[in-house]
Structure formats: structure tokens, C-alpha cells
Amino acid sequence: QVQLVESGGGLVQAGGSLNLSCVVSRTIFSINTMGWYRQAPGKQQRDLVATITSGDTTNYADSVKGRFTISRDNAKNTVDLQMNNLKPDDTAVYYCHAYLVPFDYWGQGTQVTVSS
């Protein structure tokens, strides 16, 4: 069993910043890929925001590249998402994700709302 708990969401003005944190219930050293996904209001699809591998290789959605930074701290078993220059289109529930073969694990989500 792997449990993921997100925190750090909230309401911010456009142009502001938030840092999301995902705490994992076990060591993440052996988890190949972790990431953040988001689900916009009124939609069922969870879209990829950013991923990071155990070797610190990162991948970002084009819409957030240059504004968001994903990082992992293996000592603390956490994966963070630093979000800068937030836009109203970033409003969504953000979910932490881990892939540990053969299973996908998801957190419960944290709400991010960006107002103009």
C-alpha cells in the first residue's frame, strides 16, 4: 500500500505563487516516476502537469513550462510543485501521482483557485 497526501492549495490572485507538497507513506527512492496532475472545474479528465523520475528527469506540460517546477526530496519522501505566475486557467484540483509497477497511486487532491 502506498498513500499520498497533498497540501498547499488555496486561493491566490493571478500572478501569485503556491507550493504544493505531496507526502508519500513510504520511501520514494524506488518509485520510478512521480508527478502532479490536475482536473479543471467541470471536467473529468486529469491532465498531466509535471513528472519527475528517480533520476530527477523532469517533464512538463507546455502550458506550465517555465512557471512550474517539480522536485523530490527522497529523505523526506515528498514531491513538491512550485507554481509561479499563476493564471486563472491554472484553477483545478491538483493530484499527486505515483507509479509503482504494476499500480498507480493517487492522492485525494488539493484545490487551487486563481482569481483575476
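The values are calculated or read from the model by the stated rules, or taken from the named source; none is laboratory data. The shown structure was predicted, so the numbers you read here are calculated from the model rather than taken from an experiment. Because the Cβ atoms are built from the backbone with ideal geometry, glycine has one as well, and the counts that use them run over all protein chains shown. Side chains are part of the model used for accessible areas, which takes the heavy atoms of the whole protein and leaves out ligands, DNA and RNA. Shrake-Rupley method; radii C 1.70, N 1.55, O 1.52, S 1.80 Å.
Some observations on this one:
- Count - residues of region 45-57 that are open to solvent by less than 60 Å² (accessible area, probe 1.4 Å) and closer than 18 Å to L20 by Cα: 5
- Candidates are the residues of region 1-51 that are of a type in the set (D, E, K, R) and out of contact with any Lys or Arg (no Cβ under 8 Å at 6 or more places or on another chain); the one that is farthest from T110 (Cα to Cα) is R26.
- For region 99-115, the count of residues that are crowded, with 19+ Cβ neighbours inside 10 Å and of a type in the set (S, T, N, Q) is nonzero.
- Screening region 1-41 for residues that are charged (D, E, K, R) and modelled with pLDDT of 95 or more and picking the one that is nearest to L86 (Cα to Cα) gives R38.
- Scanning region 72-98 for residues that are surrounded by 15 or more Cβ atoms within 10 Å (Cβ to Cβ) and among the acidic types (D, E) yields D80, D90.
- Members of region 45-77 that are within 12 Å of H97 (Cα to Cα) and under 11 Å from the mean Cα position of the chain (by Cα): D47, L48, V49, A50, T51, I52
- Qualifying strands (runs of 3 or more DSSP E) (wholly inside region 42-101; at least 3 residues being at pLDDT below 95 and within 21 Å of V2 (Cα to Cα)): 92-100
- For region 15-36, a residue qualifies if it is open to solvent by less than 40 Å² (accessible area, probe 1.4 Å) and either of a type in the set (A, V, I, L, M) or within 15 Å of the chain's Cα centre (by Cα) (or both), and the qualifying residues are L18, L20, S21, C22, V24, I28, I31, T33, M34, G35, W36.
- Selected residue (only one of G42, G8 is at positive phi and surrounded by fewer than 13 Cβ atoms within 10 Å (Cβ to Cβ)): G42
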